[in-house]
Structure formats: C-alpha cells, structure tokens
Amino acid sequence: MRYWWVNQNQTYRFEAKGGYLWSPKRNANGARNPFYETMREVAPGDLVLSFVDTRLVAIGVARSYCWESPKPSEFGTAGENWEDVGWRVRVTFTGLLNQIRPKDHIDVLRPLLPNKYSPLQSNGNGLQSIYLAEIPKVLAELLFGLIGAEVGVIRAAGAAVEPLVADDLDGWEKKIERQIEEDVTIVETDRLALLRARRGQGLFRDRVARIESRCRVTGVDNPTHLVASHCKPWRDASNEERLNGENGLLLTPTIDHLFDRGFIGFEDGGRLILSPVAHRASLRRMGINVDEPTLVGSFTSGQKAFLEFHRQSVLLQSIIH
C-alpha cells in the first residue's frame, strides 16, 4: 500500500462523485509533469488523501490501475487548456467528518514533508501546481492520527480491495469506430481494413506477419494462437499508423492484454519491461519470467519509434522520479 496526496480544487466534486482521478498526460506546453506521471504508479488498495480549499476533506481507496482515458466531459471549463486524453484511475472516496486543516498542524508535519515533490509548503500552504504526489507512510500515519478513528474503516477497505477490471477503453474505441464508419471520405475497403485492424486482423495483421513470426515473449509461433497487437494503440494512432505493420507485434492474447494495458513494454534493445504495479504472481501464470531479465530480440527502426510511444504513453511506469 502506498499513500498519495491529491490537490483537487477544480475537480473534486466531479471526481469524488464519479469515483475516479483524472489528469492530463502533459503540461499545456507539452512538457512532462511529475505530478501527472505519478498516476501511472497508483495500484489497487493505495490510499489517496484529498486536499480541497486548505483542508483534507476525503480519503479515497484506489480500485484500479491507471489507463488512458479522454478528459471527462463533466469537467466543462475546468482545465480547458488540458489535453483531451489523459490518465484515469478508479477511486472510491469517503468524505471525512473531521476535515483537518494541515496548516494548523504544520509544526509537527513539517519535519515529515518529502524533500522533493512535497504537496505542502513548509508554511503549511498547499501547492496547486501539484496534482498527485506520493507521501511517506510516516506522514500519512500522522495525518490519519490527526483525523481520528474514522480512518480505520477506510484503511480496512483499502487492505481488502478487489481490483476493478472495468475501464472505458472499449467504449472509447467503439466511438472511434463509429466515426470511421460514418466518414464518407474514406473508401469502403479502407474503412473495413481500419475496423479490422482494431481487432488485430485483416490487412494490419498481414503486414505485421511480414515482420513478426512468433510471440516475442512466449515463443508461440502457431498463427492460430496469435493476434496482431498495436504498439501505438489503435485508439491513439492515425489511420496510416493503424495499418502500419511496423506498429505491430504478434502476441498471444494474454501477452497482448498485458501490453495493451501497459503492464509490460519493451526497450529498443529487446529487453522486456515489467511495470512495477503488475502483479508478479499473475505474470508468472501468464508465461512471463519475472525473476530474471528477458530478451525478446531486435526491432526495426520503425518498430522502435512506436515502442517509444508505448513506453511514454501506455506503460504503467513513471519515467520521472
């Protein structure tokens, strides 16, 4: 279990009611933001302290891992300069009866604040430039003590959480499919190829098969048991990229799932990357060696470009620490 602090002045009412956290992937200028990158490290059972208008008003229990998701429509003008696609995590929030004001306790809190990426200034004021920051367990414990007994039930819920498998990727991709189906500027054969590419079939699969002959991770080479998986996901790609064979790998369905959801990735040199939030026992059952490095072979220059996008925008592993 890890402990997170989220500053939610603009979005608390939407996120608390909807049961989620959402952040952009980048700053408005395109730069990476360490307080958005942290979304990629949240795991089921983690606790999230919600800070709104100088007070801790709620504690959330993370119910899922992070995934790519469009900006919630209910945000309206809140964050109108944010990207349209960001990170989302399911979180169940419980409002606090004792909504403490950290500034009132800053003398005891100050020595425990992180040296880097602290969500509070040394004077006790919040930092609204921060969205989500990890806080040390010792600081979380002190805050829980100040809040009181009501925290006990929330912590128990975190310890017993069952991860949710639901996300909105399927609905998002089906919406894109409908847009393609209705786009009269795309000839019918191309429309069919683009729609079949979403499921790793048709022209896209044929093009991937000219480069790939087996699952990179399991070694399975029977085409009956392989799907063509996009490195830059179909939902993020241009129409050209959706059909580009170098934007694909042949993987078994379980490895495809792990790759598409960001639990694994690949370095340009061929080393398999395991997300720190991935459940190791499950990875073993799915055919992945978690005890020593796995090398999967070389990639073409085109594949490397798409794999870089996957590492930057899909893999559940923050690149900023």
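Computed from the coordinates by the stated procedures, all read-outs in this text should not be read as laboratory data. For clarity, every value in this text was computed on a predicted model and none was experimentally measured. All Cβ positions, even for glycine, are placed from backbone atoms using ideal geometry, and neighbour counts span all protein chains on display.
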Checklist entry - Can you tell which of VAL89, PRO114, PHE299 lies farthest toward the positive end of the dipole of the chain, using +1 and -1 charges on the Cβ of basic and acidic side chains (Lys, Arg; Asp, Glu)? => result PRO114
Checklist outcome for this item: Per its Cα gyration tensor (rounded if a/c is under 1.5, else prolate when a/b beats b/c, else oblate), region 43-120 is best filed as prolate
Checklist outcome for this item: Amide H contacts under 5 Å for TRP82, restricted to residues at least 5 apart in sequence or on another chain and with H modeled in the peptide plane, are none
Checklist outcome for this item: Toy charge model, Lys and Arg Cβ at +1, Asp and Glu Cβ at -1: region 1-89 dipole around Cα centroid in debye, rounded to 20, equals 140 debye
Next on the checklist: Output wanted: per-residue J couplings in Hz (rounded whole) for region 53-58, from phi through Karplus 6.51 cos²θ - 1.76 cosθ + 1.60, θ = phi - 60°, x for Gly and Pro.
Outcome noted: 6, 6, 10, 7, 9, 7
Next on the checklist: Students often check this: by mean Cβ neighbours within 10 Å, which of 200-213, 136-149, 61-74 ranks highest, and how do the rest follow?
Outcome noted: 61-74, 200-213, 136-149
Item to check | About the Cα centre, charge dipole magnitude for the chain (Lys/Arg +1, Asp/Glu -1 at Cβ), debye | outcome: 520 debye
Checklist entry - Each residue of region 119-132 in turn: what ³J(HN,Hα) in whole Hz from Karplus with 6.51, -1.76, 1.60 and θ = phi - 60°, glycine and Pro shown as x? => result x, 10, 6, 5, 8, x, 6, x, 10, 6, 6, 9, 9, 10
Checklist outcome for this item: Using alpha-carbon coordinates alone, the radius of gyration and Dmax of the chain in Å work out to 21.5, 68
Checklist entry - Of LYS174/LYS232; LYS17/LYS103; LYS25/LYS175; LYS175/LYS304; LYS25/LYS137, which sit over 24 Å apart, Cα to Cα? => result LYS17/LYS103; LYS175/LYS304; LYS25/LYS137
Next on the checklist: How high is the relative contact order of the chain? Use alpha-carbon pairs under 8 Å, at least six apart in sequence, and give a whole percent.
Outcome noted: 17 percent
Item to check | Cα-based equivalent ellipsoid of region 169-313: semi-axis lengths in Å, sorted from largest, via gyration tensor | outcome: 27, 16, 14
Checklist entry - Size of the dipole of region 3-159 about the Cα centre, Lys and Arg at +1 and Asp and Glu at -1 on the beta carbon, nothing else charged, in debye to 20? => result 80 debye
Item to check | Charge sum, other residues only, whose C-beta stays under 15 Å from LEU194's C-beta, Lys/Arg counted +1 and Asp/Glu -1 | outcome: +1
Checklist outcome for this item: For region 169-313, averaging the sequence separation of alpha carbon pairs under 8 Å that lie six or more residues apart and dividing by its residue count, the contact order in percent is 22 percent
Checklist outcome for this item: Check: C-alpha center region 182-200 vs C-alpha center region 121-170, spacing in Å is 44 Å
Next on the checklist: Quick one: 3J(HN,Hα) in Hz for region 230-235, Karplus 6.51/-1.76/1.60 with θ = phi - 60°, rounded, Gly and Pro as x.
Outcome noted: 6, 6, 8, x, 3, 5
Checklist outcome for this item: For the chain, whose charge dipole is built from +1 on Lys and Arg Cβ atoms and -1 on Asp and Glu Cβ atoms, the candidate among VAL6, TRP22, ALA140 with its Cα farthest towards the positive end is ALA140
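Relative contact order of region 37-164, please, whole-number percent, based on alpha carbon pairs below 8 angstrom and at least 6 residues apart.
For region 37-164, the relative contact order is 30 percent.
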